[in-house]
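**Student:** Take a look at this one; I'll ask things after.
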Amino acid sequence: RYFMLLIDDRRSGLILTIPLCTEQTSMEELSATLDYLLGIPSEKCKARGFTVIVDGRKSQWNVVKTVVLMLQNVIPAEVSLVCVVKPDEFWDKKVTHFCFWKEKDRLGFEVILVSANKLTRYIEPCQLTDEFGGSLMYDHMDWLNKRLVFEKFTKESTSLLDELSVINENEKACHPDKDRPQTDCNILPSFDPETVLQTGHELLSELQQRRFNGSEGGSAWSPMDDELLAQPQVMKLLDSLREEYTKYQEVCRQRSKRSQLEEIQTKVMQVVNWLEGPGTEQLRTQWGIGDSIRASQALQQKHEEIESQHSEWFAVYVELNQQIAALLSAGDEEDLLELKGLQQQLSDVCYRQASQLEFRQNVLQSAHDFHSTAQDLSQQLDGLLGMLCADVTPADGTAIQQTLKHLEEKLKSVEDALQGLREKGQILLEQMSNQTSWSYGKDLAIENKENVDHIHSVMEDMQLRKQRLTEDAADGLWPFRVRMPMRLCKLLKSVRGLSLQAVEWLGELLDALLKTHIRLGDDSQETKVLLEKHKKFLDVAQSTYDYGRQLLQATVVLCQSLRCTTRSSGDTLPRLNRVWKQFTVTSEERVHRLEMAGSFHGAAERILKDSPGQADPMVDLETFEELELLGKTLLDRLTVPVIFPDGSEQYFGSPGDMASSAESIRDRIKLVEEKKQQQQRQDEEEEEEEEEQLQEEALQSSSPES
């Protein structure tokens, strides 16, 4: 706790306070502390002299004496007065007076012993802290923290200024000398300039605030002289640091631009070297067109793999082109020529390689189209040959005309396919003739000759096959081996039409059953009538189905007579059977619903007896519950669709129609529930009457006895 207040005493000097404690005082630490504190004021301030206060109230006289004698070696000759603050229980006056008087001439300054309350005789109270009876507000830890911050800033900023100056000078030396190693030009500062500048600004702001506002928590006081001296020093360091940092930022910008340019150069050469090396070599080894669709597809797949590898480098090209364009828009004149040269070199190589890839892809696509057309034409020729050699038995005269027309269409289709094959072959030949323009000096005569011979061979083979088949058809080698009687053909056609009509009629009956046969009747009599009508409706459907079966049997006999190889009934019989099965399932569901409705209405009428106000004592509660269960089961069944054998579903009528049919059932269920409740109340009343009667009889029987 050795501290110095840089304020004026009555002699216009500086006041140095040395508090001593009861513990052992280290003279070495005291000497080092005094040296540090005396190094803070300027020479001008120190020339005004010092007033030293030695607080010995908590120390021994020997220690005080040693400290006073040490001041002669530590403090310069400008010490004018040493005030030793004595404790209440003072030391031996003779000893102390004799010692100070004896050493006065040798010390060179006056030493007085004074009590703390009389210290104001020599120093103004406003220049003393409260421990000496003064009014000065002083926080030593605050001063110490600020001092440490100032010294840290001074040290870092001075070191940073030296480093930035060296970096900036090295950059000037490195810029014209491009052959100089870049490691010498990429030195980084030890401290972050932004952090050091921020610390300096905060310190300067704190010093200026103390200068104009005084200390917090007490009366205003003038800042110490070391703080007044620190402000211009901090400002000077900040100005120098900002200047060097601005230069350093420009250096960093130049470094970044140079590094980016070097990186672009490296990437450009990587792209160029790969495209002109491995990429070109891949295309040199791919010249074939294949001898079939499968072979051409394999070549296309291989080419797609090559394109995929090229795409990765083309993506790098796009990225590099964007970076170069950005540098060109904001670059220096000295870099424009180099950047434009890189951009031009990169674009030329990439566009040339992309053109070669596209050309190769076009050749492979043309080869695939050629082989695909050749395969289709071969299949058509095989089909035409099979048609000419087959024993065709048409079903009627119209079928004969259709067969002839079909033959003509096949011949024309073969001719068109052959013409298309010639055109695609010519296109492929022209493309292969231009293939030598980008062959990189490679002799393609052998590869192209094999490909050209293959193309001509395929076209000639197809031409010969087509010519032979056309001659066979023209010479009459495809006779019609079956001459069917036109009458039987017409009859067969008529019978087939009638069988189709039977299927349609049966379908209409099924549709009518589902859409119109919905009502279940409001009573048992109406339900019985509906059930009878449904049976008649079922007889009509059965007759229609039998009629259709008979017609289909007739088509079988006619086809056997005509020796038709095709199925006589076609899909008519499966359709007839499918519709009949659907009708049968729907009819059975209709019958089940009507029977359930009849049972429900009959039971309900027996209970209600058409007189809802009268209860039938013979009906028990179990009968009511069975009737309610039957009604609810019927309602649930109305919401279930009809499930056909093929798994499809169909509902009777619309939701509104079903709701209307179910309404009468719900009304009857409601009446039955009311009847049930009424009978329950009646049973309860009868039980109560019986219980009362028994109680009366019990009372009457007990009265005579009492």
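**Student:** Could you pull the Rg and Dmax for segment 264-365, using just the Cα atoms, both in Å?
**Tutor:** 16.7, 58
**Student:** Can you give me the pair-distance distribution of segment 581-700, C-alpha pairs, 10 Å bins, whole percents?
**Tutor:** Cα pair-distance distribution for segment 581-700, in percent: 11, 33, 23, 16, 9, 5, 3, 1.
**Student:** Kindly write out, for segment 641-649 in residue order, the coupling ³J(HN,Hα) from the Karplus curve 6.51 cos²θ - 1.76 cosθ + 1.60 (θ = phi - 60°), rounded to whole Hz, with x marking Gly and Pro.
**Tutor:** x, 7, 9, 7, x, 7, x, 6, 10
**Student:** Here's another thing I want to ask about it. Give me the accessible area of residue 371, 1.4 Å probe, in Å² rounded to the nearest 10.
**Tutor:** 10
**Student:** Given a 1.4 Å probe and every protein chain left where it sits, what share in percent of the accessible area of segment 243-384 is carbon and sulfur?
**Tutor:** Details: 3510 of 7350 Å².
Roughly 48 percent of what the probe reaches on segment 243-384 is carbon or sulfur.
**Student:** Now a separate question. Would you please give the residues with an amide H less than 5 Å from that of residue 653, counting only those at least 5 places away or on a separate chain, with H modeled from the backbone geometry?
**Tutor:** Placed amide hydrogens put 515 under 5 Å from residue 653.
**Student:** Give or take rounding to whole Å, what are the principal axis extents of the alpha carbon atoms in segment 306-373, in descending order?
**Tutor:** 60, 17, 15
**Student:** Restricting things to alpha carbons, find the Rg to Rh ratio for segment 229-299 using the Kirkwood radius for Rh. Write down the numbers at each step before the final one.
**Tutor:** Values: Rg = 29.4 Å, Rh = 17.9 Å.
Ratio of gyration radius to Kirkwood radius for segment 229-299: 1.65.
**Student:** Ignoring any ligand, DNA or RNA, what whole percent of the accessible area of segment 24-88 comes from carbon and sulfur when the probe is 1.4 angstrom? Walk me through the intermediate numbers first.
**Tutor:** Numbers: 1400 of 3040 Å².
Of the solvent-accessible surface of segment 24-88, carbon and sulfur hold 46 percent.
**Student:** Starting from the residue with the highest accessible area, list 601, 140, 201 in decreasing order, probe 1.4 Å. Provide the component values of the computation, followed by the final result.
**Tutor:** Values: 601 0, 140 35, 201 85 Å².
Descending order: 201, 140, 601.
**Student:** Which of the residue pairs 466/493; 493/515; 247/267; 44/146 have a Cα-Cα distance greater than 28 Å in the structure shown? Present the calculation step by step, with values, prior to reporting the outcome.
**Tutor:** Numbers: 466/493 37 Å; 493/515 33 Å; 247/267 30 Å; 44/146 23 Å.
Violating the 28 Å limit, Cα to Cα: 466/493; 493/515; 247/267.
**Student:** Tabulate in residue order the Karplus-calculated ³J(HN,Hα) for segment 515-521, using 6.51 cos²θ - 1.76 cosθ + 1.60 with θ = phi - 60°, rounded to whole Hz; enter x for Gly and Pro.
**Tutor:** Per residue, the Karplus-derived 3J(HN,Hα) values read 9, 10, 8, 10, 4, 10, x Hz.
**Student:** Residue 49's amide H: which non-local residues (gap 5+, or another chain) put their own amide H closer than 5 Å, with H modeled 1.01 Å from N in plane and none for Pro or chain starts?
**Tutor:** Correct list: 14.
**Student:** Taking θ = phi - 60°, what integer Hz values does the Karplus form 6.51 cos²θ - 1.76 cosθ + 1.60 yield along segment 109-114, in sequence order, with x for Gly and Pro?
**Tutor:** Values per residue, Gly and Pro as x: 8, 8, 10, 10, 9, 9 Hz.
The values are calculated or read from the model by the stated rules, or taken from the named source; none is laboratory data. Given the structure is predicted, the values throughout are model-derived calculations rather than measurements. Side chains are part of the model used for accessible areas, which takes the heavy atoms of the whole protein and leaves out ligands, DNA and RNA. Shrake-Rupley method; radii C 1.70, N 1.55, O 1.52, S 1.80 Å.
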